[in-house]
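Step one of this worksheet: look at the structure below.
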Amino acid sequence: MAPVVSGERLFEVPEVVEVGGEVIPRLGVEKRFRAYDPHQVLLMAPSLDDWLPEDHLARFVSELVETVLDLEPFRAGYTEASGAPPYDPRLMLKLLVYGYATGVTSSRAIERRCVTDVAFRFLAANAAPDYRSIARFRRRHLEAVRALFNQSVVLCAEAGLVKLGRIAVDGTKVRASASRHKAMSYDRLVVREAEIAAQVDALLEEADRIDREEDERFGVDRRGDELPEELRTREGRLAKLRAAKAALEAEAAARAAQEAAERATARGDDEATVRAKAAQAAERATPKPKAQRNFTDPESRIMKTSDGSFHQCFNGQVAVDATAQVIVGLAMTNTAPDVGHLVELVDQVADRCDQAPRQVVADAGYWSETNAAELTERTIDAFIATGRLKHGQIIPPAPRGRIPAAATPKERMARKLRTKKGRAVYARRKAIVEPVFGQMRTRQDAGRARLRGLTGAQGEWTLHGFCHNIHKLFTRHGVAALPAATAD
């Protein structure tokens, strides 16, 4: 056996080797390996700053939070002097932003990454906040997160990534943190309420009969007033059913009152008559038999998703600038149709960027004569599909000649989209907005909401929009895009 040195250690190398049952003499010098000692003690204290490449996304997030973002809305929420000191908002925000930007949206997963992932340990400065602290911080500062999105749009605009020459608007269904199997329609609620109420009455009668029998057998001093477990469970279920039924009835009453008030106002009725009509409509209103209420997340709704199935969802809306696919407007609602969100998104973009886009492109889900008229009134060139094309179908060219004077707004828009310019503009819609949904779903896990309730889903959707924009800023310009970096 010949000794061979590997780093600081010696080991014996056999002078012969066996290959396929044949003994062959070892020739030449034995290969040396780099020193490897898992138990090596570091002589100098390690620096977390040395553990990440200079162009890593975590460094960009850290610089963004430290030098650019306005954190006063986050700090303003801490007003109590008593209790243990909370984690620094900078630390928590860095973890949330980097987590959502890389698809780690679970608070428990973020806690684990603070131990096992170098980038998370770098951002947390070797601290490890527990998942409860992370979840509370996220829920507590949803309103402050909305301000972050505005800042991201401003940063992208200053970096030349937003021009507002053309924006594309679209929506996607975001799965709610609830199962469709935990929902029940109004007509089923009515039946189940009667069934369970009858079961509860029967159980109460049975419990009373047993109490009387036990009093006779064991005496009146023996306790027998505890309700059986089955009764307590059914009573709780009955309370949930009645609450869901009342909520559906309240929604139907509010909707009927609003519609009646709008009709009365359109007729020119005075204010007292409008209120009276609304009250009468609310009193007569009943929910539709198929109106549903979910017990896990009552504010989510059953919606049809892109694969043709139905799930508890919210409707995530975005307005995307064509220059670099930066999100300049967004919304999250529990209304499945897209048509009612177009003008709201366009106005949101104009308010945020201090100017309206020159062109707006949207699919057939946003078509209505009202939307077309509203955009025309804002001097915006609208390209809204008036109907869906079959797969592979090509838009036919527009007919020659003048547009007929009697043409409806829908016919005019359809003709506009069939012109050479209209086909070219609308063909860009998918290339502008669809990749944004794909990037958010695959990279950020934005296809489902972790927070329940419409407010929680809205805050989380805004955080996803912010993370998408800083990804664009980082990939195009890196740290140089940050004001503090360019000033140095």
Test: residue 146 is modelled with pLDDT of 90 or more, part of a helix (DSSP H, G or I) and out of contact with any strand residue (DSSP E or B) (no Cβ under 7 Å at 6 or more places or on another chain): no
Residue in the range 159-179 that is out of contact with any His (no Cβ under 8 Å at 6 or more places or on another chain) and part of a helix (DSSP H, G or I) present: no
Scan of the range 287-309 for residues that are hydrophobic (A, V, I, L, M, F, W, C) and at pLDDT below 85, ordered by number: 291, 295, 302
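Could you tell me whether any residue of the range 124-133 is crowded, with 22+ Cβ neighbours inside 10 Å, modelled with pLDDT of 90 or more and hydroxyl-bearing (Ser, Thr, Tyr)?
Step one: filter the range 124-133 for residues crowded, with 22+ Cβ neighbours inside 10 Å, giving 124.
Remaining after also requiring modelled with pLDDT of 90 or more: 124.
Remaining after also requiring hydroxyl-bearing (Ser, Thr, Tyr): none.
Looking through the range 124-133, none of the residues is crowded, with 22+ Cβ neighbours inside 10 Å, modelled with pLDDT of 90 or more and hydroxyl-bearing (Ser, Thr, Tyr).
The rows are residues; the columns are (1) assigned by TED's automatic domain parsing to the domain that holds residue 387; (2) hydroxyl-bearing (Ser, Thr, Tyr); (3) surrounded by 23 or more Cβ atoms within 10 Å (Cβ to Cβ).
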| site | (1), (2), (3) |
| --- | --- |
| 314 | yes, no, yes |
| 318 | yes, no, yes |
| 323 | yes, yes, no |
| 333 | yes, yes, no |
| 336 | yes, no, no |
| 340 | yes, no, no |
Whichever residue in the range 149-177 is closer than 15 Å to residue 315 by Cβ and of a type outside the set (Lys, Arg) and, among such residues, is modelled with the lowest pLDDT: 176
Failed item, numbered, when residue 105 is tested on (1) over 26 Å from residue 451 (Cα atoms); (2) surrounded by 15 or more Cβ atoms within 10 Å (Cβ to Cβ); (3) modelled with pLDDT of 90 or more: (1)
Qualifying residue in the range 464-478 (condition: of a type in the set (Phe, Trp, Tyr) and either at pLDDT below 90 or under 30 Å from residue 297 (Cβ atoms) (or both)): yes
Number of positions in the range 403-457 that are farther than 29 Å from residue 332 by Cβ, touching a helix residue (DSSP H, G or I) at 6+ places or on another chain (Cβ under 7 Å) and among the hydrophobic types (A, V, I, L, M, F, W, C): 1
Some residue of the range 79-101 being touching a Cys at 6+ places or on another chain (Cβ under 9 Å) and among the β-branched types (Val, Ile, Thr): yes
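Residue-wise test of (1) closer than 21 Å to residue 439 by Cα; (2) in a loop (DSSP other than H, G, I, E, B); (3) under 22 Å from the mean Cα position of the chain (by Cα).
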position	(1), (2), (3)
98	yes, no, yes
103	yes, yes, yes
108	no, no, yes
111	no, no, yes
114	no, no, no
121	no, no, no
129	no, yes, no
132	no, no, yes
137	no, no, yes
Residues of the range 433-455 that turn out to be assigned to a helix (DSSP H, G or I), among the aliphatic types (A, V, I, L, M) and over 14 Å from residue 469 (Cα atoms), as a count: 1
Identity of the residue in the range 357-374, touching an Asp or Glu at 6+ places or on another chain (Cβ under 7 Å) and part of a helix (DSSP H, G or I), that ends up nearest to residue 160 (Cα to Cα): 366
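Here's the yes/no breakdown for (1) in contact with a His (Cβ under 8 Å, 6 or more places away or on another chain); (2) in contact (Cβ under 8 Å) with a residue 24 or more places away in the chain; (3) in a loop (DSSP other than H, G, I, E, B):
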site: 306; (1), (2), (3): no, yes, yes
site: 314; (1), (2), (3): no, yes, no
site: 320; (1), (2), (3): no, yes, no
site: 323; (1), (2), (3): no, yes, yes
site: 340; (1), (2), (3): no, no, no
site: 355; (1), (2), (3): no, yes, yes
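The values are calculated or read from the model by the stated rules, or taken from the named source; none is laboratory data. Small disclaimer: the values here were computed from a predicted structure and weren't measured. In this analysis, Cβ positions are derived from the backbone assuming ideal geometry, glycine residues included, and neighbour counts consider all displayed protein chains.
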